[in-house]
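J.: One structure, pasted below without further comment.
Please treat every number below as a calculation from the coordinates, not as lab data. The shown structure was predicted, so the numbers you read here are calculated from the model rather than taken from an experiment. Note that we place each Cβ from the backbone using ideal geometry, even for glycine, and neighbour counts take in every protein chain shown.
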Amino acid sequence: MGGRQFPRNRHTSKPKGHQQQGTLESPNPPRANMEEKQKPIDRWLALFAIVVGIVLYLLPKTRPVIAACCAAIWLLLFHPAIKFWWVEKKTWRQVCALLLLTMTISYFGLNIPPEIHASKPTEQHVATYQFSPKDELKLDSYALRKANHANGDNVSGIKWNSHFTDLRVTISNISDEDFRDVDLYFYPGTLIRRAAINGERLGCDLIPLKDRNTWKSTRAKRSGSMTAQKHEGASGVDIQDSWGQIYTDEANSSYRIRCATFPSRYSMQIVFALIQLAPQFMHILPSKPGSWTVADVGGAKSFLDALGSRPNPSKVEVYGTYTRKSILFSIKGELLVAEGN
């Protein structure tokens, strides 16, 4: 039978232009390749952030250094935080990552105690800072300039003498939190015969400083020429003479109190027995600041016989530090002495 035959496999060719369009499609790089290029940058930024942290550990931890290093760490970790593979998929995750990064760095920055070096007052030091009533570590002072205790009275463990002036300094923690590592120095501007804590010590140590103006005495065993030498050590100054006499500490010009913990809403009072030399014995004072001398105080059977009228203190120089919420605070200034009669 005749008829029209069709090929079984009919091949249709695409237009030439269509083939060219297929070959001219833009070859955009896969997203995985872009991420692989970004990851080394993030790793370098994280490495630099670690280096800044090491630098912060090595440098003196002053407030500007802490602030600058924390800001640098935040900037270095900004890009790695928002481009983390799981975080970058959602905008809200990126925002949460930045908030977490900011809070973490702020927490560590605020809890790094800055190194505050309070300089020791010199003889010419005149403090201009007055303690504010808003200070959470409050200091008050008064002196019994007119009234006095009787000879032989026991005043907080100090055997009293009519030549002493009773100076009181009260330390108060008026906050709702305990303070730690309270370390304060007191310079009343005159000699201190003795000092004591009035009441409970609470583990605090009251220490006489023997590096500024220390007085020692001894009873001479015989008359004649004698040589003496001064030896300075960690415990203070020691005197040795050619006669082998033992010298006793009589007075100092400053005291230091140290408390590991100072409770909240608590007050502690320190009693200072202040003295000054009689005018006829002023010649035994060293001629130069920082020097020392050994002198014969004729007519004095004891150190107390060399004392003059009662001193009249007007201010107490105070400096030191204490810690609150892991932050170190510095104190430096002068405390005005009120009338306590």
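J.: Which cross-chain or sequence-distant (5 or more) residues have an amide H under 5 Å from the amide H of Gly189, H modelled 1.01 Å from N in plane?
T.: Amide H neighbours of Gly189, under 5 Å, 5+ apart: Glu317.
J.: Over all directions, average the projected area of the Cα convex hull of region 32-110 and note it in nm².
T.: Average of the hull's projected areas for region 32-110 equals 5.2 nm².
J.: Quick one: which of Lys61/Lys332; Lys138/Lys159; Lys61/Lys315; Lys210/Lys315; Lys61/Lys216 span more than 31 angstrom between C-alpha atoms?
T.: Beyond 31 Å: Lys61/Lys315; Lys61/Lys216.
J.: Sorted by packing (mean other beta-carbon atoms within 10 Å per residue), highest first, where do 142-153, 188-199 land?
T.: Most protected by this proxy first, the peptides run 188-199, 142-153.
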